[in-house]
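Colleague: I'd like to ask some things about the structure below.
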Amino acid sequence: MGVKEGPVPGPGILDIAPYVGGDAKLEGVDKPIRLASNESALGPSPKAIAAYRALAGDIHRYPDGGADELRHALGERYRLDPARIVCGSGSDELIGLLQRAYAGPDTEILYSRHGFLMYSIGALSVGATPVAAPERDLVADVDAILARVTPKTRIVFIANPNNPTGTYLSTSEMVRLHAGLPSHVVLAIDAAYAEFVNRNDYEPGIKLVDAGDNVVMLRTFSKIYALAGLRLGWGYFPPAITDVLNRVRGPFNVSAAALAAGVAALNDTEALAQARAHNDRWQPWLSERLAALGLDPTPSVGNFVLPRFAESGHKTADAAFRFLQSRGILTRKMGGYGLPDRIRITIGTGEEMEKVAATLAEFMAG
């Protein structure tokens, strides 16, 4: 009797290296300093917490499948047509929905070399081929991206600002990128960190979505709004793409608690201003101290920094990562992003930043 073969997954699935998030626990440490996942330094809006708790008695009810209240709140805040907004379980879900709807076997999904890992993982999950374009000084290179567009290209993902590098493309460069793409290619602008950016030559993507039928903008409530545990994202799309995504998404893809907390967080402009001000103070502060230690942090417009360590010897990124762990500090290794000589450090509280700076000074002096 022959050997029975089990179910066979689709093409590309077994080529996926599963995504591994930043560490949240450290053996022997009750409350480590968590700086591995670009989570909020200040935590969620008190109004969002109250809205979340208020849902406790109604969790037997299905959520609003159309996310109407949140879409209209987003539309009012950003002056967008709510009918062109789609909400998801984090922007991760929207990335996956776009790939499922517009890519598949014998197609390609293009992104910059150090872009978010879910672009390549999602491509493989639908049988598409992930294609990485080289960057220039850890900044997405428009010419390199356009040079790799082929008749098989279906989606170009640009994280702007980019995680984990913290770099960004200017409005003029994004316009140039869009102008160089064929009309059948979707330009997906992942602006998860847009609220942290304080540059006059940056635009999160709204104008490009309004100007073309093949541009989408993705946003999240996980970062500056501090709702990462609730999984809530949204996107602004051309009408035809909005229609497609509403056909393929689940009917109740966002929880009632996430929707309520999202509306409350969006309306708490004071909490948003405090989060921005905190990052505007402590991100440059930490960057300056890392630079003084010779760690050459990449200029970042996000809520994280990316110092560079020696490629060999006793002062490598791995050694720094372990040293920080020994002091109860969790950061993120960057080998999975092709940056083995770096670690990513999220901007935490002021006290946490002072401890990180002092600990790395001790490491470099040792």
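Colleague: Is the chain best put as rounded, prolate or oblate by its Cα gyration tensor, with a ≥ b ≥ c the root eigenvalues, rounded for a/c under 1.5, and otherwise prolate when a/b is larger than b/c, oblate when not?
Modeller: It comes out rounded by the Cα gyration axes.
Colleague: May I pose another question? Write out the GluC sites (Glu not before Pro) in region 296-366 meeting two conditions: DSSP loop, and at most 11 other Cβ atoms within 10 Å of their Cβ.
Modeller: For GluC sites (Glu not before Pro) across region 296-366 that sit outside H, G, I, E and B with at most 11 neighbouring Cβ atoms in 10 Å, the list reads GLU311.
Colleague: Now a separate question. Kirkwood Rh over alpha-carbon pairs of region 114-194, then Stokes-Einstein at 37 °C and 0.692 mPa s: what D in µm² s⁻¹, rounded to an integer?
Modeller: The estimated diffusion coefficient comes to 253 µm²/s.
Colleague: How about region 156-239: which trypsin sites (Lys or Arg not before Pro) there lie in a loop by DSSP and see at most 15 other Cβ atoms within 10 Å?
Modeller: ARG199
Colleague: What whole number of Å gives the distance from the Cα centroid of region 260-337 to the Cα centroid of region 158-211?
Modeller: Going from one Cα centre to the other spans 22 Å.
Colleague: Apply the Karplus curve 6.51 cos²θ - 1.76 cosθ + 1.60, θ = phi - 60°, to the phi angles in region 80-93 and return the couplings in whole Hz, x for Gly and Pro.
Modeller: So the J values, rounded to whole Hz, are 10, 6, x, 5, 9, 9, 10, 9, x, 7, x, 5, 3, 5.
Colleague: Find the relative contact order for the chain and round it to a whole percent, using C-alpha pairs within less than 8 Å whose residues are 6+ positions apart.
Modeller: Relative contact order comes out at 23 percent.
Colleague: Then there is this: Could you run the Karplus curve 6.51 cos²θ - 1.76 cosθ + 1.60 with θ = phi - 60° over region 230-242 and give me ³J(HN,Hα) per residue in whole Hz, x for Gly and Pro?
Modeller: Each residue's phi maps through the Karplus curve to give 9, 6, 9, x, 8, x, 10, 9, x, x, 5, 6, 4 Hz.
Colleague: Output needed for region 216-270: three equivalent-ellipsoid semi-axes, defined as square roots of 5 times the C-alpha gyration tensor eigenvalues, in descending order, whole Å.
Modeller: Semi-axes, largest first: 22, 14, 9 Å.
Colleague: From the helices alone, meaning DSSP H stretches of at least four residues, give me the mean residue ellipticity at 222 nm for the chain, per-run term -39500 (n - 2.57), in deg cm²/dmol to the nearest 500.
Modeller: Helices in the chain give a 222 nm mean residue ellipticity of -11000 deg cm²/dmol.
Colleague: Using a 1.4 angstrom probe on the protein heavy atoms only, could you order ASP92, ASP210 from most to least accessible area?
Modeller: Correct descending sequence by accessible area is ASP210, ASP92.
Colleague: Another question, then. What figure, in Å² to the nearest 10, do you get for the accessible area of THR269 with a 1.4 Å probe and non-protein molecules left out?
Modeller: 80 Å²
Colleague: Hey, rough spin-label estimate for VAL175 and ASP143, points 7 angstrom out along Cα→Cβ, what's it come to in nanometres?
Modeller: Distance between label points: 2.0 nm.
Colleague: Figure the gain on full extension for ASP243 and ASP213 (residue separation times 0.36 nm, minus the Cα-Cα span) and round it to one decimal in nm.
Modeller: Length gained, ASP243 through ASP213: 9.5 nm.
Colleague: Right, next: Counting C-alpha atoms alone, how compact is region 24-135: give Rg to one decimal and Dmax as a whole number, in angstrom.
Modeller: Reported Rg and Dmax, both Å: 19.0, 51.
Colleague: From the Cα gyration tensor of region 91-249, with a ≥ b ≥ c the square roots of its eigenvalues, which class applies: rounded if a/c is under 1.5, or else prolate if a/b is larger than b/c, or else oblate?
Modeller: rounded
The values are calculated or read from the model by the stated rules, or taken from the named source; none is laboratory data. Everything numeric here is computed off the predicted structure, so don't read it as measured data. Cβ sites come from the backbone with ideal geometry, for glycine too, and all protein chains shown count toward neighbours. For accessibility, only protein heavy atoms count, side chains too; no ligands or nucleic acids. Shrake-Rupley method; radii C 1.70, N 1.55, O 1.52, S 1.80 Å.
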